[in-house]
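Take a look at the structure set out below.
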Amino acid sequence: MRRPLALLTAAMLTLVTGAPAAAAPPNGLYLALGDSLAVGDGASDWDVTGYVPLMADYYAGTIHGDAKQLLNLGVQGETTSSFLAGQLGDAVTAILDPATDTRVVTLSLGGNDVGSLLNDPDDACVTNPFSDICQGQVAAALGAVFSNYPIILGTLQWALAQDPGDEQVYVMTVFNPFGGTGTPHEAPIDVALLGADLAVDCGALAKQANVGLNDIIGCISQALGAVPVDSYGAIGDNALTLTHIGEGDFNSHPNDLGYEAIAKAHRAVAP
């Protein structure tokens, strides 16, 4: 009886030791998307003091997503239209990668759709932001964002539905880079961002004059299950302190203090 028992024991040991190891769980991923704000333009160290690396440390925490891996696909100068043409596909590929489990997505997008109207000294919105030409250009830019944002967020949410586990999308509103400066551009940009009622109010969108860029971003985000992040309020009337706008080169990007304020706005709406 000893030999059969010994053979059985050996066979069992072979089965145990030869069994394939359980597959490791996929890495928790924080996926950062968007424009130069996602890249960190204006920070003293784009990879350390931009809002994305600041939030990467936060989202790596177990109770905040346990996303130990960061993938930043942000592109400087990105608009909603260029995002649809390129970055969105890369984002979907990253989300569907079986080696990762996307836990958190942040999106900063839409500012360049309107901001691109202020690129050159001869632009109509630079020379006279109240002109009919400028207002027509702003309306066209808002129309593009209104058309593109549901496609962008809908596609991201579709991809995330294929991904294991829970995840959350955070979408930044756009701040006024002239907030508190008293310059001629401050008031018309507020209207472009907030509408004539100077507020993000999803219940007031029946009146077209009330529709600003942040109404579009915030209300579409809420409708499609994303969480709006109040970047507009984070910078507020402190653009001279929190951005580079006062340095004479028309640089509207946040400085380190501004990115910390934006990161704080993200943390305020995160679990």
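Structure summary
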{"item": "The range 46-102: C-alpha gyration tensor shape, a/c 1.5 cut-off, then a/b vs b/c", "result": "oblate"}
{"item": "Diffusion constant of the range 204-271 at 37 °C, which comes from Stokes-Einstein with the Kirkwood Cα-pair radius and 0.692 mPa s, µm²/s", "result": "243 µm²/s"}
{"item": "Among 167-175, 243-251, the order from most to least packed when residues are scored by Cβ within 10 Å on average", "result": "167-175, 243-251"}
{"item": "Estimated [θ] at 222 nm from DSSP helical runs (n ≥ 4, -39500 (n - 2.57)) normalised by residues in the chain, nearest 500", "result": "-13500 deg cm²/dmol"}
{"item": "Between helix 2-18 and the chain: long-axis angle, C-alpha atoms, 0 to 90°, nearest 10", "result": "10 degrees"}
{"item": "All-pairs alpha carbon distance profile, the range 25-269, 10 Å steps from 0, percent", "result": "8, 33, 37, 18, 4, 0"}
{"item": "Distance in nm between pseudo-label sites at Ala199 and Ala144 (7 Å out along the Cβ direction from Cα)", "result": "3.1 nm"}
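Read the figures in this text as sums done on the coordinates, not as results from a lab. These figures come from a predicted structure and were not determined experimentally. Counting neighbours? That spans all protein chains shown, and the Cβs are built from the backbone with ideal geometry, glycine included.
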